Amino acid sequence: MMFALIDCNNFYASCERVFRPDLIGKPIVVLSNNDGCIIARSNEAKDLGIPMGAPVYQFEKLIKENKISVFSANFSLYGDMSHRVMSLLAEYSPDMEIYSIDEAFLKLDGFDRINLQSYGLDMQRKITKWTGIPISVGIAPTMALAKMANRIAKKFPQKTQNVYLINTEEKRIKTLKWLPVADIWGIGRQHTKRLTALNVQTAFDFTQLSDAWIKKHLSILGLRLKRDLEGVPTLELEESKAKKNIATTRSFETNYTELDQLKERVTTFAVSCAEKLRKQSSCCNAVMVFIHTNGHRKKLPQYSKNIVIKLPFPTNSNIELANFAVTALEKIFKPGYFYKKAGVIAMDFTPQDQTQLNLFENRDLSHIPIMNAIDRINRKFGQQKVRLGSQDFGRVWKMRQERLSPCYTTDLADIITVKS
DNA sequence: TCTGGGGTCCTAGGACCC
DNA sequence: TCTGGGGTCCTAGGACCC
């Protein structure tokens, strides 16, 4: 039994390149919402020393000097490209877990007679050719080891052709000794600090620690990880489950001081959460709302508060969720502050078809067909065509997206023209 | 001037019950 | 002098992932 981890190389940057082949080999960065931080970099941009998550304004000079192409995040494009990659990958195994927008695990059960090296190479070539997105493939007896194999495939593209297979004990040990402890899947900053203090430098050193120590300091998760690194399959594919929380949160382009401005934002966030809830056929029983000022402006007075309210009945109606969220907002809003960010998080779900009618609450059941109609209209004519009256009709609010690429694959208006 | 967004799981400790 | 024991549920906080 083996696992494969397939990871798209510099995914967002690669998506931008698919329709801009002139940028192949040139540095690219992709920005977060509001064009704030750098959230993706091509290899060339990484080589120039641009760190992940850096505020873009700190690198303006470097960007200019090196003619780095800058893009606002285009999630419709990335989502669609991801879907294309995943559909192709699904043909390589009946057991797949889509781990993130650019990563998937395949379980290779019953592949004993298959040459996995060439199987991986076939995947690598086909996906890259058919979608334009370069990928790396790691194959190993456990999920954690497949993650490590993938790093090698990505780190040594010439040597490996972006495919690396761990199928012997020598290779496993060699890989463990090569990987710094900070780069182990599941070991973050805090654990790294603690481990390097004990002179645990590599993944191999980590596997030499006692079970008791690991359990005590890294919990049961650390212990499972150790087993997996030892080559004993312990982690397993997870089937895609309904989400347990659904959030919509945003920073604002400018500061807000008025309750009404925040009410509009919170309404829109709540509507977005309700839509996501309906997509997975859930209703929520609680909602959290938070607001805060800009933590980076240390000289301004700071205020940060969240509140969770339990709902009298489960809902996924735009109208009801927005009303509850606004009620919550009113409880935490304090005048006199410059607000920079707000969010709505739906929690505590029950399946839509199991929601019980509450005798003591006048729940308006007419919302169900109304929401169905809204969803159909918005699906057909584009997002947000139907909105609540309290939402942003005058485009008061906008996100800064100055460098947005066209939606080549999801918007007819943006489709490319080929001239011959 | 300018600093992202959306998730998961585990544990310890308190409240509460019998 | 001397003040039980065990279980469950919930929550906050901390860690991690992309």
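Laid out as a table, the results:
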quantity: Meets criteria (over 14 Å from A:K226 (Cα atoms), at pLDDT 95 or above and surrounded by fewer than 23 Cβ atoms within 10 Å (Cβ to Cβ)) for A:T192; calculated: yes
quantity: Residues that are touching a helix residue (DSSP H, G or I) at 6+ places or on another chain (Cβ under 8 Å), among the β-branched types (V, I, T), over 18 Å from A:R250 (Cβ atoms) and not in a strand (DSSP E or B), drawn from segment A:288-343; calculated: A:I319
quantity: Residue that is surrounded by the most Cβ atoms within 10 Å (Cβ to Cβ), among those in segment A:346-384 that are at pLDDT 75 or above and assigned to a loop (DSSP other than H, G, I, E, B); calculated: A:D364
quantity: Qualifying residue in segment A:83-99 (condition: farther than 22 Å from A:R151 by Cβ, within 16 Å of DNA strand C (Cβ to nearest atom) and surrounded by fewer than 22 Cβ atoms within 10 Å (Cβ to Cβ)); calculated: yes
quantity: Yes/no for A:I68 being among the β-branched types (V, I, T), more than 30 Å from A:A146 (Cβ to Cβ) and in contact with a helix residue (DSSP H, G or I) (Cβ under 9 Å, 6 or more places away or on another chain); calculated: yes
quantity: Any chance A:P55 is surrounded by fewer than 21 Cβ atoms within 10 Å (Cβ to Cβ) and closer than 27 Å to A:K177 by Cα; calculated: no
quantity: Residue ID - farthest from DNA strand C (Cβ to nearest atom), chosen from residues in segment A:276-287 that are hydrophobic (A, V, I, L, M, F, W, C) and in a strand (DSSP E or B); calculated: A:C283
quantity: Neighbours by Cβ (under 7 Å, 6+ apart or cross-chain): first from segment A:228-242, surrounded by 14 or more Cβ atoms within 10 Å (Cβ to Cβ); second part of a helix (DSSP H, G or I) and charged (D, E, K, R); calculated: A:G231/A:R172; A:T234/A:R224; A:T234/A:R227; A:T234/A:D228; A:L235/A:R224; A:L235/A:D228
quantity: Top-ranked residue of segment A:14-34 - restricted to ones that are within 14 Å of DNA strand B (Cβ to nearest atom) and surrounded by 21 or more Cβ atoms within 10 Å (Cβ to Cβ), ranked as farthest from A:F75 (Cα to Cα); calculated: A:V29
quantity: Out of A:A153, A:A197, A:A212, sole residue that is at negative phi and away from DNA strand C (no atom under 15 Å from the Cβ); calculated: A:A212
quantity: Considering residues of segment A:35-77 that are without any contact (Cβ under 8 Å) to a residue 60 or more places away in the chain, part of a loop (DSSP other than H, G, I, E, B) and among the hydrophobic types (A, V, I, L, M, F, W, C) only, the residue farthest from DNA strand B (Cβ to nearest atom); calculated: A:L48
quantity: Hits in segment A:125-139 - residues which are surrounded by fewer than 19 Cβ atoms within 10 Å (Cβ to Cβ) and in a helix (DSSP H, G or I); calculated: A:R125, A:K126, A:T128, A:K129, A:W130
quantity: Lone qualifier among A:T175, A:T142 - being surrounded by 21 or more Cβ atoms within 10 Å (Cβ to Cβ) and either within 23 Å of the chain's Cα centre (by Cα) or closer than 17 Å to A:L235 by Cα (or both); calculated: A:T142
quantity: Output for segment A:1-31, where each listed residue is among the small types (G, A, S) and either modelled with pLDDT under 95 or outside any loop (DSSP other than H, G, I, E, B) (or both); calculated: A:A4, A:A13, A:S14
quantity: Residue count for segment A:223-253, restricted to those that are within 19 Å of A:D205 (Cα to Cα) and near DNA strand B (Cβ under 9 Å from one of its atoms); calculated: 2
quantity: Lone qualifier among A:K46, A:K64 - being more than 28 Å from A:T131 (Cβ to Cβ), modelled with pLDDT of 95 or more and of a type in the set (K, R); calculated: A:K64
quantity: Those residues of segment A:307-345 which are exposed (fewer than 14 other Cβ atoms within 10 Å of the Cβ) and within 16 Å of DNA strand C (Cβ to nearest atom), in sequence order; calculated: A:V308, A:K310, A:K331
quantity: Any chance A:E275 is more than 12 Å from DNA strand B (Cβ to nearest atom) and at pLDDT 95 or above; calculated: no
quantity: Residue under evaluation A:A146, criteria (1) in a helix (DSSP H, G or I); (2) free of Cβ contacts under 8 Å to residues at least 24 places away in the same chain; (3) out of contact with any helix residue (DSSP H, G or I) (no Cβ under 7 Å at 6 or more places or on another chain), criterion not met; calculated: (2)
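The values are calculated or read from the model by the stated rules, or taken from the named source; none is laboratory data. All of these numbers come straight from a predicted model, not from anything done at the bench. Cβ: placed from backbone, ideal geometry, glycine included. Neighbour counts: every protein chain shown.
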